[in-house]
1. Please identify which residues in region 55-91 have an amide N closer than 17 Å to a label point set 7 Å out from the Cα of ALA156, following the Cα→Cβ vector.
2. Which value, in Å² and to the nearest 10, is the accessible area of ARG252 when all protein chains are kept and the probe is 1.4 Å?
3. Just to verify a number: FRET efficiency for ARG185 and LYS23, C-beta to C-beta distance, R0 = 30 Å, to 0.05?
4. Which three numbers, in whole Å and largest first, are the semi-axes of the equivalent ellipsoid of the chain derived from its Cα gyration tensor as √(5λ)?
5. For the pairs LYS96/LYS268; LYS104/LYS268; LYS168/LYS193; LYS235/LYS256, note any where the Cα-Cα span goes beyond 29 Å.
6. Tell me, in nm to one decimal, what length is gained between ASP264 and SER71 on full extension, where the rule is 0.36 nm per residue of separation less the Cα-Cα distance?
7. Taking the full set of protein chains and a 1.4 angstrom probe, give the accessible area of LEU53 in square angstrom, rounded to the nearest 10.
8. At a probe size of 1.4 Å, how large is the accessible area of HIS102, to the nearest 10 Å²?
Amino acid sequence: MTTVLSIETSCDETAVAIVNNRKVCSSVIASQISIHTQYGGVVPEIASRQHLLTITEIIAQAIAQAGLEWSEIDGIAATVAPGLVGALAIGMSAAKTLAILHDKPFIGVHHLEGHIYASYLSAPDLEPPFLCLLVSGGHTSLIHVKDCGVYTELGATRDDAAGEAFDKVARLLNLGYPGGPEIDRLASQGNPKLYPLPEGNISLPGGGFHPYDSSFSGLKTAVLRLTQKLQAEGKELPVADIAASFQHSVARSLTKRTIACALDYDLKTIVIGGGVAANRGLRATLAAAASQKDIQVLFPPLEYCTDNAAMIGCAAAEHLNRGHISPLDLGVQSRLSIMEVMSLYAPTQLQYTSSAH
Ligand code: KG4
Ligand code: ZN
């Protein structure tokens, strides 16, 4: 059994968790959303400063909640890519400091790998291979999970990520930030079939559509045109119906591609990850389509869909179990393909000795 203390600061949540393989011993999240809301989105410099102000306290809370001694912790992990570099650097520096101080291995984690591992937290028996639909604020990908650290990206968005589309449409409808949860709530009160909206197909040069790639910017523009048309007609905006129609279109589009991909690659399990995995419309549409094809769909627990440190710890524990340790001179990266995860576990360049014991 491997116990890891993990830190996640890639965007606007300062999160620390202690995870024992797939079991969460503690998980603390300090959200900065109320600070960034007034700017309509995340301001990177403010995010970094806020992480710096809160990280020590959040680490202390996570340790207190788990009720563990340092001697019971086997490794210290932090998200190192992709994300806001200033924000990532705060979490990574804190993790490396703890690793040196307590003489533990340091494990750098890819944020998207964390989102894949969120589903492991409620599925003790889940093992690759499977297909992961990763839908967050910054990414929309179909990932063939072959083994821990071994991923092939089979499909992606050509423009906006799914979560970004939710946030932009919410802004159009004056619903605040982040928009996904509010659209999800309103959609349950609206008619999803009232306004047929595009599914974001990508045309191929020889005709037909790309089977797995998607596009969400056209959908966002279609919602903009629809709201402008309704406003020009002097009508009060039917916000719930627009939200429901938009959500229906995203859910249909993602479901179509995900099921096609699972069937083509003969994968019997689909795992969802990322903030948009919390969306009720997507969950229902995908679950219904998958059951018709005898495909199992696993959703992460709701609290681990959006950014948290437990999913990072879960991925780190798996890497540590396999002897994957990061060098202490590893840096943060704003972008890093999920297919390059193993570059985080290059042989150690920088040796250190500790007098902690
Ligand atoms: O995974 P996440 O916390 O952060 C990133 O790594 O990007 O995802 C945040 C995104 C935001 O765009 C937010 O609007 C969206 O997830 N989101 C949702 C829901 N909850 C969060 N989108 C749709 N429905 C939801 N219930
Ligand atoms: Zn995320």
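1. Counting backbone N atoms under 17 Å from the label point, the list is 81-84.
2. 80 Å²
3. The calculated FRET efficiency here is 0.45.
4. Calculated on Cα positions only, the semi-axes equal 37, 23, 17 Å.
5. From LYS96/LYS268; LYS104/LYS268; LYS168/LYS193; LYS235/LYS256, over 29 Å: LYS96/LYS268; LYS104/LYS268; LYS235/LYS256.
6. Difference between extended and current length: 64.8 nm.
7. Per-residue accessible area (LEU53): approximately 130 Å².
8. 40 Å²
The values are calculated or read from the model by the stated rules, or taken from the named source; none is laboratory data. None of these values were measured; they are calculated from a predicted model. Note that we place each Cβ from the backbone using ideal geometry, even for glycine, and neighbour counts take in every protein chain shown. Surface areas here come from the heavy atoms of the whole protein model, side chains and all, with no ligands, DNA or RNA. Shrake-Rupley method; radii C 1.70, N 1.55, O 1.52, S 1.80 Å.
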